[in-house]
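**Q** One structure, pasted below without further comment.
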Amino acid sequence: MTLPALIQNYQKAQAVSQLKKSYAVIQNAIELIRADNEGSDMLAMPFVHKQWQHPQYFDVNMFAEEFSKHLNYMEHGSNDTYSTDIRMCLPADSTKYYKFANGQRQTAMGIVKKWWILNDGSCIGIRDIGSWTWDDNTHIIIYVDINGSDKNPNQFGKDLFSFELKQSGKVIPNPDNQAMHGCRTGYQGISCAEKIINDGWQIKHDYPWK
């Protein structure tokens, strides 16, 4: 096996190991939130409440406060200005940006409203998607950059991965349910965490690793 191939295999193994750790951190935080609130699902939590005309309004600020209690982090913040880029933990004046797995600049995914830089250097960011009311069309997206926003490649499928928080309280990898979201060559790679997990926590030969 050539040296470049050995280096790539090492990088893949590191990515899988870091992703598994980050996934466990997110799942554990959600389980502790549920335990704190003695709720069987997320709709029973205080951050899902009536506000304005929305009976199941998801309050991302209240959720972030609860989430923070169960993360070991060294810095956290907000991205309050709308951006079509996922900024994660990048400083507001940074010229860096994230890419899709196909190498194109990532845009049109909406704002990551809250982020945390964990003690291991990884970054977690959250955003809500859908309507104001947390119903079947609304879910919470949790992104994780396994080596932090300050380190390259800042790319879906290599160091950026996506999960969903469901009403049941389960955290699942973002599913391959849209045409360009798939973890395949030429696609955006948003569902790459799902592929790694479904492949037995492995990056196999058909994975779009470039």
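The values are calculated or read from the model by the stated rules, or taken from the named source; none is laboratory data. Every value quoted in this text rests on a predicted model; they were computed, and no experiment measured them. Ideal geometry is used to build each Cβ from the backbone, glycine not excepted, and the neighbour counts take in all protein chains shown.
**Q** Pull up the range 100-132, narrow it to residues that are of a type in the set (D, E, K, R) and modelled with pLDDT under 95, then point me to the one that is nearest to Ala15 (Cα to Cα). Give the steps one after another, and end with the answer.
**A** Taking the range 100-132 and keeping what is of a type in the set (D, E, K, R), we get 105, 113-114, 120, 127-128.
The next check asks that each one be modelled with pLDDT under 95; those that pass are 105, 113-114, 127-128.
Working: Arg105: 21, Lys113: 25, Lys114: 23, Arg127: 23, Asp128: 26 Å.
That would be Arg105.
**Q** Right, here's the next one. Does Gln202 fit the bill of being crowded, with 21+ Cβ neighbours inside 10 Å and outside any helix (DSSP H, G or I)?
**A** Spelling it out, it is not the case that Gln202 is crowded, with 21+ Cβ neighbours inside 10 Å and outside any helix (DSSP H, G or I).
**Q** Moving on to the next point. How many residues are surrounded by 14 or more Cβ atoms within 10 Å (Cβ to Cβ) and either touching a residue at least 60 places away in the same chain (Cβ under 8 Å) or among the aliphatic types (A, V, I, L, M) (or both) when one looks only at the range 40-54?
**A** Final tally of qualifying residues: 5.
**Q** Anything in the range 87-102 that is of a type in the set (Gly, Ala, Ser) and exposed (fewer than 11 other Cβ atoms within 10 Å of the Cβ)? List them, or say none.
**A** Step one: list which residues in the range 87-102 are of a type in the set (Gly, Ala, Ser), which gives 92, 94, 101.
Matches in the range 87-102: Ala92 only.
**Q** Let me ask something else. Of the numbered conditions (1) surrounded by 14 or more Cβ atoms within 10 Å (Cβ to Cβ); (2) closer than 18 Å to Lys166 by Cα, Asn28 fails exactly one; give the number of that condition.
**A** Result: Asn28 fails condition (1) only.
**Q** Another question, if that's okay. Anything in the range 61-81 that is part of a strand (DSSP E or B), at pLDDT 90 or above and surrounded by 13 or more Cβ atoms within 10 Å (Cβ to Cβ)? List them, or say none.
**A** Taking the range 61-81 as the starting set, the residues that turn out to be part of a strand (DSSP E or B) are 73-78.
If we keep only those that are at pLDDT 90 or above too, we end up with 73-77.
Those that are part of a strand (DSSP E or B), at pLDDT 90 or above and surrounded by 13 or more Cβ atoms within 10 Å (Cβ to Cβ): Tyr73, His76, Gly77.
**Q** Taking Ile33, is it crowded, with 18+ Cβ neighbours inside 10 Å, closer than 30 Å to Lys151 by Cβ and touching a strand residue (DSSP E or B) at 6+ places or on another chain (Cβ under 6 Å)?
**A** Working: crowded, with 18+ Cβ neighbours inside 10 Å: yes; closer than 30 Å to Lys151 by Cβ: yes; touching a strand residue (DSSP E or B) at 6+ places or on another chain (Cβ under 6 Å): no.
Criteria not met by Ile33.
**Q** If Thr107 satisfies every condition in (1) part of a loop (DSSP other than H, G, I, E, B); (2) without any contact (Cβ under 8 Å) to a residue 24 or more places away in the chain; (3) surrounded by 14 or more Cβ atoms within 10 Å (Cβ to Cβ); (4) not charged (D, E, K, R) but one, which is the exception?
**A** (3)
**Q** With the requirement that a residue be modelled with pLDDT under 95 and assigned to a loop (DSSP other than H, G, I, E, B), what does the range 154-179 give you?
**A** Selection gives Lys166, Gln167, Ser168, Gly169, Lys170, Asn174, Pro175, Asp176, Asn177, Gln178, Ala179.
**Q** Shifting gears a bit: Would you say Thr84 is surrounded by fewer than 11 Cβ atoms within 10 Å (Cβ to Cβ) and either of a type in the set (Ser, Thr, Tyr) or within 22 Å of Asp199 (Cβ to Cβ) (or both)?
**A** Values: surrounded by fewer than 11 Cβ atoms within 10 Å (Cβ to Cβ): no; either of a type in the set (Ser, Thr, Tyr) or within 22 Å of Asp199 (Cβ to Cβ) (or both): yes.
No, not satisfied.
**Q** Follow-up question, since we're still on this one. How many residues are farther than 22 Å from Asn119 by Cβ, among the hydrophobic types (A, V, I, L, M, F, W, C) and within 18 Å of the chain's Cα centre (by Cα) if we restrict to the range 59-85? If you could, list the steps in order and put the result at the bottom.
**A** At the first step, the residues of the range 59-85 found to be farther than 22 Å from Asn119 by Cβ are 59-62, 80-85.
From what's left, among the hydrophobic types (A, V, I, L, M, F, W, C): 60, 62.
Those left that are additionally within 18 Å of the chain's Cα centre (by Cα): 60.
Total meeting the criteria: 1.
**Q** On to the next question. For the range 10-29, does any single residue satisfy the condition of being over 30 Å from Tyr187 (Cβ atoms) and part of a loop (DSSP other than H, G, I, E, B)? If you could, list the steps in order and put the result at the bottom.
**A** Pass one, the range 10-29, residues over 30 Å from Tyr187 (Cβ atoms): 28.
Checking which are part of a loop (DSSP other than H, G, I, E, B) leaves us with none.
There is no residue in the range 10-29 that is over 30 Å from Tyr187 (Cβ atoms) and part of a loop (DSSP other than H, G, I, E, B).
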